[in-house]
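Colleague: Would you mind keeping the following structure in view while I ask a few things?
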Ligand SMILES: CC(C)(COP(=O)(O)OP(=O)(O)OC[C@H]1O[C@@H](n2cnc3c(N)ncnc32)[C@H](O)[C@@H]1OP(=O)(O)O)[C@@H](O)C(=O)NCCC(=O)NCCS
């Protein structure tokens, strides 16, 4: 992800989350050497989806992932997640974790299908809707770095 991707990213972000990240939040991540900011782009550099993942001290954290509503269900979210895991492995992580809204069935199915396991609940974690967060994690193996 780079500055020229941000219009497309923000368009998806605003329709994907009750409390979207601001443009500045993405820009701050461009300056963090522990942050991977990824986009999936189509013909003409149309932004189809994106992900943000941090790797610090051997642990990766998936902070954001979204796909354009018109392009969901086509494998783009899975491809972004696979690339996050690959980069986590290359950055020396042994685990990747994330929080997801308790009611977000589509995302939870994606994570489980990628080997993530339930670790716990954070009650009322999302203050905008008072929804609980479900925590998932997955081991990151050296073999995940391939490809
Ligand atoms: C979650 C999200 C990123 C998935 O992206 P996607 O490109 O649609 O997902 P994929 O096409 O790669 O699907 C991968 C798997 O996710 C699950 N999945 C995706 N959409 C689903 C849906 N509508 N219902 C149930 N499961 C779904 C399935 O297990 C699917 O595997 P399958 O196709 O073999 O059945 C996308 O739905 C999205 O942008 N949602 C809004 C933002 C969001 O909730 N982000 C996650 C925050 S934690």
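Colleague: Would you say residue 125 is closer than 24 Å to residue 39 by Cβ and either without any contact (Cβ under 8 Å) to a residue 40 or more places away in the chain or in contact with a strand residue (DSSP E or B) (Cβ under 7 Å, 6 or more places away or on another chain) (or both)?
Modeller: No, not satisfied.
Colleague: Would you pick out the residues in the stretch 131-147 that are without any contact (Cβ under 8 Å) to a residue 60 or more places away in the chain, crowded, with 19+ Cβ neighbours inside 10 Å and under 14 Å from residue 89 (Cβ atoms)?
Modeller: Correct list: 138, 144.
Colleague: Is it the case that residue 62 is near the ligand (Cβ under 7 Å from one of its atoms) and within 13 Å of residue 137 (Cα to Cα)?
Modeller: Against the criterion (near the ligand (Cβ under 7 Å from one of its atoms) and within 13 Å of residue 137 (Cα to Cα)), residue 62 does not qualify.
Colleague: Could you list, in sequence order, the residues of the stretch 100-113 that are in contact (Cβ under 8 Å) with a residue 12 or more places away in the chain and near the ligand (Cβ under 7 Å from one of its atoms)?
Modeller: Answer for the stretch 100-113, where residues must be in contact (Cβ under 8 Å) with a residue 12 or more places away in the chain and near the ligand (Cβ under 7 Å from one of its atoms): 100, 101, 106, 107, 110, 113.
Colleague: Is it the case, given these coordinates, that residue 110 is modelled with pLDDT of 95 or more and more than 19 Å from residue 142 (Cβ to Cβ)?
Modeller: So residue 110 passes the test.
Colleague: The conditions are (1) under 27 Å from residue 28 (Cβ atoms); (2) in contact with a helix residue (DSSP H, G or I) (Cβ under 9 Å, 6 or more places away or on another chain); (3) touching a residue at least 24 places away in the same chain (Cβ under 8 Å), and residue 116 fails exactly one of them. Which is it?
Modeller: (3)
The values are calculated or read from the model by the stated rules, or taken from the named source; none is laboratory data. Model, not experiment: these values are computed from the prediction. We place every Cβ from the backbone using ideal geometry, glycine too, and count neighbours over all the protein chains shown.
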